[in-house]
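The values are calculated or read from the model by the stated rules, or taken from the named source; none is laboratory data. Given the structure is predicted, the values throughout are model-derived calculations rather than measurements. So basically every Cβ, Gly included, is an ideal-geometry build from the backbone, and we count neighbours across all protein chains shown. What goes into the accessible areas is simple: the full protein's heavy atoms, side chains included, and nothing from ligands, DNA or RNA. Shrake-Rupley method; radii C 1.70, N 1.55, O 1.52, S 1.80 Å.
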Amino acid sequence: MTNIMNRPQPMLRQKSVISITEVSLFSLLLTLIQCESSSSSFTTAYTSETSIPRGIEEIEAGRRLTFPASLTDELVHGFCVTGADSAEAHSSLPDLTYTEVRPFVDGTLAWDDRSYTYLGIIYSPCAGGIFLRPALHKSIEWGTVIDVAAIPDVSGDVKVCAFLEKNDDRRNGRWPSNLAKMGFAEYDSNGFGWSHKGLQQLAVYCKVLPPVTPTGTPTRNPSISNGPSIYPTIRYKAPRGYTFVPHIHTAPQLRDVVPLLRAMYADYRAVQVLLEYAPHAPAFFPLDVLKTKQSSTRTAGNTNAGLFFFPSGTANAAFDPPYDHDRDAMLAAASAGVPGYGSAQSLVLHLESSYKYDDIPEYVYAGVRLWAGTVPAEAGREVLLVVPRATHAAVALGAAASLRDTGPGVSVVPVGMAEGLLSEALRNSLIDIDRLKAREVLAVLEAGCLYSRETGEKYRGTALDGLLYLVTGDEAGEILEAAHAAVEVGRSVGFDAVAWAAALDIELPTKGGASWFGDIKTRTLRYETWGTSTESEIKSAYGRVLPRGGMQSRFLGNSNKSSPNPSWKGTAENPSDIMLKRSMASGPGPSDYWPNADEVQRYHIWMKFDYQIDKVNPGAGDWNVQCMDSYYYGSPWSAKLKVLPMLNNFGFSQKVNMFPMRWFIAEEVTEVPGNVMRDSQHLSDAYLEGVASGMLTLATGGRSFVGDEPEGRLGNFPPSEDWRRWHARRTGYVLAWQMATLRPSAPFLEVRPGSSMDATCRPLGTPPGEGAVSATVRFGEAPRATVHVEIGVESAELARAVVISPRTIAFDPVNFKEAVGVYVATSGGAPSGTEVPVVFRTRSDDPRVDDVKDTWIFITTDRGPTMEPTSAPTSACEKPEYKF
């Protein structure tokens, strides 16, 4: 194949020497002109003044930007342009001319007067674009003026990037600070530079310039007057736009994948990366991600939710000036997708935390669910979840399966599955994924999978030539073949996650690892604490919240915070239902206290939570949100290191459950901004009730303690305190369901006993519908389809002990809030005092409320036998049949 860099490069027009007798006003003119006809030409403008360069004063006229002149005696630089059919540069220095080189690939000569070449172009934003090679390496005089001009391609979006010496103010024209003020973003280009006694790193500054509104009909390849035709190019429009969400996996990284996909489609504009052009945005490499402003060691980003929730306006200590996150703009961009592609959009996620948190899938599912919710449910929209390694297939397919009934749904990109189809040599190259070869292999796999999934074909072009440093052409062909084969397995089952898992004999996770549903089905909750004011305030919230679920509370006492072990209140004969203790921070007692075999008999559930300390702005809760998935403070960290080891303890489980405090705070404060905490260590009353609601839902196997929505909702800002408490209880309830069951939402089934103290059945012979109800059934929020609640006893022997009426109740999206009474009467078929667990189970075409159950215990009386009443299935609309 002919080396394109050895071809003569056509010029847009004859170079002309611009005479400037005085130092010019500006140093770089970026002019974008949408060509109106074949006679269109570039315009170059200079302004002479008799003074020294005027610093950062910027003049923008239409599409024209004016910059300061070079203020150093040497200038080491280069330019690249993407989104353009052609580009050229001119300077006020006669010997400083520029040659257009395309495509810009590794090995490209950096300057005409040196033999140095570029390396690591894949790590720059310029891969596959146009390089404007300067004739001079560094001998560029103070005051030199340079202009760059480009003709946009059909995308209309031109990006111009300047390369400069890194950290050397003697040879960078003093451009960096001024470019930043003018809207240029520094692009993380670690790995990109020119080769001379090793890699000489370059700083890269880029700016996307808006398209010019055409005054006529533009042509694909216009000719320029007074010169030869523009270098001929073939441009394609990708079938869809891809929006990538940044991630921190070692491999594949976005900087490895995105240039390949853009090159395969020959469409730079088809792919955007969220935050790519945000000033001082993190590069999202391992250990170089979103961080709290208090400490650079508190990295966030261990789950997809870390980026999703990161608060707007949060300063990032890793950058100077600090990165200032704009969450609303980021999520809006994720929702809108790539401009110009309409509804043909893909939001691309990477399975975060998979190499750390496979055994707590609830956090992976939750992060995917949050991002998938940003995508409008329109025809053509899709969410793609990349499986980075084969060992992550189960949790990825499971996350996709959990959202199969939501729009637009989630589909898996089988990078990890394709890995197993590679040759042994290539698989061995993936052993150390920190190495460049491994990153390149996985990047080609990912780009190949995305391409094959969209087009139905293996990529057979040559656009990857020059973009890969260690992967050979033959290896790239093998990798692309494996990618296509893995995609075809998914295509054979319609990319349905459940069927795909079955085809690969993969068992999907169906429940959380550290958060799970207990089986406490009593009317009275008995609980004890080991802690300080935090535990005391949560237990008080238990007492306020329990009656909303038809239960009463009994607090057994607290163990002293300084004790090396708890002074147990529960006994082996009469255990406490909950032992409440935080999962991290100093005290109370040892942070890692493990009950012994005798002690675990004294309680049913050891309830842990990550401590909610806030160092900066407790009211806003920013720091809690920043740390929601960080080292030490984060919820996944506690779940992984403080809960799972106790659950999986050899010999006996310590029955530890986990409510993710910081995750809850992030969910709630994002929906309802307001007071999170009343000081740096203590939650507000509303948040305490939300925490209590979530913990109690976990302990009781899914019961709702939300209650009716009061007046004073969010539309009336500020919302009332009662409404805030209700909303926090709702958030805690939904989060508990999501974490324990991996469902995307909660069912809002509400079964309330007629009495929280008296569990006795109705007297023998009580006619159906008369007397006090034994329980009521309703839904707190509307189902999407009719729901049948079936009431019965699972044990055939115990079923003879009671008479239940009605046995089926139908609810629909209209009557769901109308409470229907259920009567449980003694039949005489069992001795008095027999405890009978009555099960309320749902059946529906709405997966959110299908196969949900609650159980309440009823106790028979000593009256004699009675006739079995007959009752047809009843709709909630038929409530007048019952009197309660």
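Among the polar types (S, T, N, Q) and either open to solvent by 10 Å² or more (accessible area, probe 1.4 Å) or farther than 25 Å from HIS604 by Cβ (or both): is that true of GLN654 in this structure?
Here the answer is no, as GLN654 does not meet what is asked.
Open to solvent by 10 Å² or more (accessible area, probe 1.4 Å), over 23 Å from ALA127 (Cα atoms) and not charged (D, E, K, R): which single residue out of GLY367, GLY409 fits that description?
When all the criteria are applied, what remains is GLY409.
Go over the candidates ARG435, ARG404, ARG453 one by one and state the one that is crowded, with 23+ Cβ neighbours inside 10 Å and either free of Cβ contacts under 8 Å to residues at least 60 places away in the same chain or not aliphatic (A, V, I, L, M) (or both).
ARG453
Given the conditions (1) without any contact (Cβ under 8 Å) to a residue 24 or more places away in the chain; (2) farther than 29 Å from ARG752 by Cα; (3) in contact with a Pro (Cβ under 6 Å, 6 or more places away or on another chain), and given that MET677 satisfies all but one, which numbered condition is not satisfied?
(1)
Quick one: which strands (runs of 3 or more DSSP E) lie wholly within the stretch 696-810 and hold at least 1 residues that are among the small types (Gly, Ala, Ser) and more than 30 Å from ALA514 (Cα to Cα)?
Answer list for the stretch 696-810: 775-779, 787-792, 802-805.
Yes/no matrix, rows are residues, columns are (1) over 17 Å from PHE858 (Cα atoms); (2) of a type outside the set (Val, Ile, Thr); (3) without any contact (Cβ under 8 Å) to a residue 12 or more places away in the chain:
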site: TRP723; (1), (2), (3): yes, yes, no
site: ARG729; (1), (2), (3): yes, yes, no
site: TYR733; (1), (2), (3): yes, yes, no
site: SER756; (1), (2), (3): no, yes, no
site: PRO768; (1), (2), (3): no, yes, no
site: ALA772; (1), (2), (3): no, yes, no
site: THR776; (1), (2), (3): no, no, no
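Of all residues in the stretch 703-720, which are farther than 15 Å from PRO547 by Cα and either touching a residue at least 24 places away in the same chain (Cβ under 8 Å) or buried (at least 24 other Cβ atoms within 10 Å of the Cβ) (or both)?
LEU714, PRO718, PRO719
Of the conditions (1) modelled with pLDDT of 95 or more; (2) closer than 17 Å to ILE605 by Cβ, GLU535 clears all except one; give me its number.
Just one mismatch for GLU535, condition (1).
Out of the residues in the stretch 433-490 that are in a loop (DSSP other than H, G, I, E, B) and small (Gly, Ala, Ser), which is modelled with the lowest pLDDT?
GLY466
Residues being touching a Phe, Trp or Tyr at 6+ places or on another chain (Cβ under 6 Å), more than 22 Å from ALA830 (Cβ to Cβ) and buried (at least 20 other Cβ atoms within 10 Å of the Cβ): count how many of those fall in the stretch 751-776.
1
Sort out which residues of the stretch 412-432 are in contact (Cβ under 8 Å) with a residue 40 or more places away in the chain and open to solvent by 10 Å² or more (accessible area, probe 1.4 Å), and write them in order of number.
Result: MET417, GLU419, LEU421, SER423.
Of all residues in the stretch 502-520 being more than 23 Å from the chain's Cα centre (by Cα) and surrounded by 15 or more Cβ atoms within 10 Å (Cβ to Cβ), which is nearest to ILE857 (Cα to Cα)?
ILE520
For the stretch 525-542, does any single residue satisfy the condition of being out of contact with any Phe, Trp or Tyr (no Cβ under 9 Å at 6 or more places or on another chain), open to solvent by less than 60 Å² (accessible area, probe 1.4 Å) and in a loop (DSSP other than H, G, I, E, B)?
Yes, because at least one residue in the stretch 525-542 is out of contact with any Phe, Trp or Tyr (no Cβ under 9 Å at 6 or more places or on another chain), open to solvent by less than 60 Å² (accessible area, probe 1.4 Å) and in a loop (DSSP other than H, G, I, E, B).
Considering (1) surrounded by 19 or more Cβ atoms within 10 Å (Cβ to Cβ); (2) closer than 28 Å to ASP846 by Cβ; (3) in contact with a strand residue (DSSP E or B) (Cβ under 6 Å, 6 or more places away or on another chain); (4) not β-branched (Val, Ile, Thr), say which one GLU790 fails and leave the rest.
The single condition GLU790 does not satisfy is (1).
If only one of VAL105, VAL148 is in contact with an Asp or Glu (Cβ under 9 Å, 6 or more places away or on another chain) and part of a loop (DSSP other than H, G, I, E, B), which one is it?
VAL105
What number goes with the only condition from (1) crowded, with 21+ Cβ neighbours inside 10 Å; (2) within 40 Å of the chain's Cα centre (by Cα); (3) among the hydroxyl-bearing types (Ser, Thr, Tyr) that SER177 does not pass?
(1)
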